[in-house]
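This report concerns only the one structure given below.
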2 protein chains.
Amino acid sequence: MTSKSDSNSGVERISDAEHAVMEVLWSDSPLSAADVCDVVCKERGWSIPTVKTLLSRLVTKGALDTTPDGRRYLYTPLIERSAYVGTESKRLVERLFGGRAAPLFAHLAESEALSADDIAEIERLLQEMKK
Amino acid sequence: MTSKSDSNSGVERISDAEHAVMEVLWSDSPLSAADVCDVVCKERGWSIPTVKTLLSRLVTKGALDTTPDGRRYLYTPLIERSAYVGTESKRLVERLFGGRAAPLFAHLAESEALSADDIAEIERLLQEMKK
DNA sequence: GCATTCAGATTACAAGTGTAATCGATAGCG
DNA sequence: CGCTATCGATTACACTTGTAATCTGAATGC
């Protein structure tokens, strides 16, 4: 199936640690390696070399683009967050619920992973979709 | 956070291939390695040794239990599917949507990953929850 | 009884990941 | 004009994962 929802095609799978880096750049880009580190290193207990490795790998994977800025690079996402989120969500639903989203919802509901806010919000979305 | 929803504690992370094996045993157990292979080997292009490796790793990880049966083992899940599904779903929601389920739902809706059936079903579940 | 067969156990081995250290060039500081 | 601080690039290295092959011991067929 190569449809429009396959919108991050060509990009290899992004790992967990790499994803953390992507999040930083999705929320603000372009950034240098040091900038990215400022945001995540503390939080994840990483050192700069680690961030640099992850950035390189993401460039290799085609998930990031680089712009020279003096003697360093600035990094920009090449794939959109929504595309990533889309394929990841779909993967999960596929793997765990045979592709059906309702069971996922049921499960979240049952395990009380849905807050009152979530429920209200989902109801609102449903109403909207019915128009 | 060690709460009731942390119900598969102690079990290391189950990989993708391992998960396929778990699914077989969740749908019917106890089974021998050969039995498991009968179900998945064709479908995933695996050979028996592969299944045996995965079974061993799952036993090591504490996800399966063994019962001797003659000179072979029968395998039984030690963790429940719902627990696994729960933690996996939560992981995703956590990672991608800051722990809120509504955005996940919104995303699925937007990407048309929700069938009409899904929507009807979710509506029904919502009604039920309101009681 | 002895060879064949079939179980699990042990070993293999490449790719991907997490987490860096080191190297080689260069841009500024003094 | 040379030294140092910094870049990115290269290399490292252990652990996990996918995917087996081989080994070893016991059961079974003859």
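Could you estimate the translational diffusion coefficient of the protein assembly as shown from the Stokes-Einstein equation, with Rh from the Kirkwood formula over C-alpha pairs, at 37 °C and 0.692 mPa s, in whole µm²/s? Calculated translational D: 157 µm²/s. The charge dipole of the range B:16-77, taken about its Cα centre with unit charges on the Cβ atoms of Lys, Arg (+1), Asp and Glu (-1) only, comes to about 280 debye.
Within the straight-line cut-off of under 18 Å between alpha carbons, the aspartates and glutamates reachable from A:Lys130 are A:Glu121, B:Glu110, B:Glu112, B:Asp117, B:Asp118, B:Glu121, B:Glu123, sequence neighbours fewer than 8 places apart in one chain being disregarded.
If you bin all the Cα-Cα distances of the range A:16-77 at 5 Å, starting from zero, the percentages per bin are 4, 21, 36, 27, 10, 2, 0.
Dividing the convex hull volume of the Cα atoms of chain A by its residue count, what figure in Å³ per residue is obtained? Each step should come with its number before you reach the end.
Details: hull volume 21.0 nm³, N = 131.
Taking only Cα atoms, chain A has a hull volume of 160 Å³ per residue.
Between the helical axis of A:48-60 and the longest alpha-carbon principal axis of chain A there is an angle of about 70 degrees. Based on DSSP H segments of at least four residues, each scored -39500 (n - 2.57), chain A has a per-residue ellipticity at 222 nm of -19000 deg cm²/dmol.
Distance check, please: which entries in A:Lys90/B:Lys90; B:Lys52/B:Lys90; A:Lys52/B:Lys61; A:Lys52/A:Lys90; A:Lys61/B:Lys90 exceed 25 angstrom between their Cα atoms?
Working: A:Lys90/B:Lys90 14 Å; B:Lys52/B:Lys90 29 Å; A:Lys52/B:Lys61 33 Å; A:Lys52/A:Lys90 29 Å; A:Lys61/B:Lys90 27 Å.
Over 25 Å apart, Cα to Cα: B:Lys52/B:Lys90; A:Lys52/B:Lys61; A:Lys52/A:Lys90; A:Lys61/B:Lys90.
So if we plug the beta-carbon distance of B:Ser115 and B:Glu43 into 1/(1 + (r/R0)^6) with R0 = 25 Å, what FRET efficiency do we get, rounded to 0.05? For R0 = 25 Å, the calculated efficiency reads 0.55.
Binning the alpha carbon pair distances of the range B:81-129 at 5 angstrom intervals from zero yields the distribution 5, 20, 18, 25, 26, 6, expressed in whole percent.
Between B:Ala120, B:Ala101, B:Ala20, the Gaussian network model of chain B with springs among Cα atoms under 10 angstrom shows the greatest mean-square fluctuation at B:Ala120. For the range A:45-60 and the range B:31-81, compute the distance between their C-alpha centroids and round to whole Å. If you average the Cα positions of each part, the centres end up 37 Å apart. Here's the picture: charge each Lys and Arg Cβ at +1 and each Asp and Glu Cβ at -1 in the range B:49-125, and of B:Ala102, B:Thr76, B:Leu92 the one pushed furthest to the positive end of that dipole is B:Thr76.
Inter-label distance, B:Glu12 to A:Thr60: 2.5 nm, where each label sits 7 Å from its Cα along the C-beta direction.
Within the accessible surface of the range A:81-129, defined with a 1.4 Å probe on protein heavy atoms only, the carbon and sulfur portion equals 51 percent. Counting, for every residue in A:94-104, the Cβ atoms of other protein chains within 10 Å of its Cβ and taking the mean gives 6. Accessible area per residue was computed with a 1.4 Å probe on protein heavy atoms; B:Tyr75 scores about 30 Å².
Might you report the magnitude of the Cβ-based charge dipole of chain B about its Cα centre, with Lys and Arg at +1 and Asp and Glu at -1, to the nearest 20 debye?
Working: 17 positive and 21 negative charges, 104 e Å.
Using only the charged Cβ atoms, the result is roughly 500 debye.
The values are calculated or read from the model by the stated rules, or taken from the named source; none is laboratory data. The structure displayed is predicted, hence computed values, not measured ones. Note that each Cβ is placed from the backbone with ideal geometry, even for glycine, and that neighbours are counted across all protein chains shown. The protein model used for the area step is the full one, side chains on, heavy atoms only, and it has no ligands, DNA or RNA in it. Shrake-Rupley method; radii C 1.70, N 1.55, O 1.52, S 1.80 Å.
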